[in-house]
Amino acid sequence: MSYEQEPVEATVSELKPQMKNVNISFKVIEAGEAREVTSRQDGQTHRVLDAVVGDSTGTVMIPLWDDAIESVKVGSTYRLENGYTGLYQGHLRLNIGRYGKISEAEAAIETVASDNDMSAAEHERPERRRYGGRGGGYGYGGNRDRDSEGGYGSRGGGYSRGGSGGGGRYSGGRGGSRGGGRGGGRRGYD
């Protein structure tokens, strides 16, 4: 089974959060001042500037990093292949990314619909999927959110071993917590 998405040919107005493998042509309308930022991943200093790009359907912000800053000029038209979209402070951004490739477009874009700013609207950040880690099996797990039943030492399960609150190997009495819940604890060790 392949997890790669087919390339999506898009216009600016068709962009939505969390699109991957986006191919799009755009004209650079304006570019901000380059600033230096320190990466949380590698601790190195990088240069970044935010540019406004668009086509006949609308405009969107795109951050340009390091070498891409010099390769893009205001007023020119470019083609982005294998880009992606994301949210920055709740606003849509088009990103080049590690695997994206930007090059000069064959056909110039003359007219840009600057009245349709796709980055102006505020979007809700979609909830992230949770993969593995907690719950099920023999390890300390389960749903340990404080808002849910089964928080730390609560009646619903707490430190139970065996999934999402209660029923684990060391559960006893009500709730299956390790000494914190009512009637719980490891029977025979009290």
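Before moving on, here are some points about what is shown:
- For Thr57, distant residues with modelled amide H under 5 Å away: Val12, Ser13, Ala113
- Total charge dipole magnitude, the range 1-108, about the Cα centre, Cβ charges on Lys, Arg, Asp, Glu only, Debye to nearest 20: 240
- Extension gain from Val37 to Arg98, taking 0.36 nm per residue of separation minus the Cα-Cα distance: 20.2 nm
- Label-point separation in nm, Tyr88 to Asn116, each point 7 Å along Cα→Cβ: 2.3
- Each label was represented as a point 7 Å from its Cα along the Cα-to-Cβ direction; for Thr57 and Val8 these points are 1.1 nm apart.
- Sites Ser76 and Glu124, calculated FRET efficiency, Cβ-Cβ separation with R0 25 Å, nearest 0.05: 0.15
- Most to least packed among 78-87, 7-16, 97-106, 52-61 [average Cβ atoms within 10 Å]: 52-61, 78-87, 7-16, 97-106
Each reported figure results from applying straightforward, stated rules to the coordinates on display, with no laboratory input. A quick note: this is a predicted structure, and the numbers were derived from the prediction, not measured. Neighbour counts are summed over all protein chains in view; Cβ atoms, including those assigned to glycine, are modelled from backbone coordinates with ideal geometry.
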